[in-house]
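First up is the structure itself, then whatever we jot down about it.
The values are calculated or read from the model by the stated rules, or taken from the named source; none is laboratory data. Model, not experiment: these values are computed from the prediction. When we count neighbours, we look across all protein chains shown, and the Cβ atoms used for this are built from the backbone with ideal geometry, even at glycine.
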Amino acid sequence: MKLTLLAVLIAVVITAGAAVIYTSTVSDSEISLKAGETANVGGNKITFLESYDSRCPSDVVCFWEGEAVLALSINGNLQNVTVGRSINISGYTISALALEPYPSIKNQSEGPSKATLRIRREKAV
């Protein structure tokens, strides 16, 4: 009984550090994370830390469309990924598909950012 209680207590302490919302061993996954959330995909721990968004608001005419960059922690290493681009890490391609909400002058406080990522295992040649 004491051993079981100790094991449960250790498990709670270990998992309390990060909110893991998604776990998968599938080789091709599309996930959405809010800032601070973590996913485990194919043995990779991916945390969406924050975003840098300079995209032109949808209700404004701009000369430059801007870009959105996601700050991710991948297996404890900081990586910046621009939406629409990909990076290769440990045999996986991680693509930044979207960052929501899209900027707008009318709706500037739409809540926390949500990043959509595709994680794909690279095929051996």
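Descriptive notes on the structure:
- When residues in the stretch 86-108 are screened for being loosely packed, with under 13 Cβ neighbours inside 10 Å and at pLDDT 90 or above, 1 of them pass.
- Count of the stretch 36-75 residues, restricted to those that are small (Gly, Ala, Ser) and more than 18 Å from the chain's Cα centre (by Cα), is 3.
- Candidate set: the stretch 109-122, residues that are assigned to a loop (DSSP other than H, G, I, E, B) and modelled with pLDDT of 75 or more; chosen: the one nearest to the chain's Cα centre (by Cα): Ser113
- Identity of the residue in the stretch 56-68, among the aliphatic types (A, V, I, L, M) and in contact (Cβ under 8 Å) with a residue 12 or more places away in the chain, that ends up farthest from Thr38 (Cα to Cα): Val60
- Ala71 touching a Phe, Trp or Tyr at 6+ places or on another chain (Cβ under 8 Å) and either free of Cβ contacts under 8 Å to residues at least 24 places away in the same chain or assigned to a loop (DSSP other than H, G, I, E, B) (or both): yes
- Any hit, the stretch 49-65, residues being within 12 Å of Leu117 (Cα to Cα), modelled with pLDDT of 95 or more and either of a type in the set (A, V, I, L, M, F, W, C) or out of contact with any Asp or Glu (no Cβ under 9 Å at 6 or more places or on another chain) (or both): no
- Here Cys56 meets each of (1) surrounded by 16 or more Cβ atoms within 10 Å (Cβ to Cβ); (2) more than 22 Å from Glu122 (Cα to Cα) with one exception, condition (1).
- Residue within the stretch 75-82 that is polar (S, T, N, Q) and touching an Asp or Glu at 6+ places or on another chain (Cβ under 9 Å) present: yes
- Failed criterion for Asn80 (all others in (1) within 14 Å of Ile94 (Cβ to Cβ); (2) assigned to a loop (DSSP other than H, G, I, E, B) hold): (2)
- Of all residue pairs spaced 6 or more apart or on separate chains, those with beta-carbon atoms under 6 Å, a first member in the stretch 85-103 that is more than 14 Å from Val69 (Cβ to Cβ) and a second member that is among the polar types (S, T, N, Q) and modelled with pLDDT of 90 or more are Thr93/Ser86.
- Residue that is farthest from Ser95 (Cα to Cα) [pool: residues in the stretch 59-77 that are loosely packed, with under 14 Cβ neighbours inside 10 Å and among the acidic types (Asp, Glu)]: Asp59
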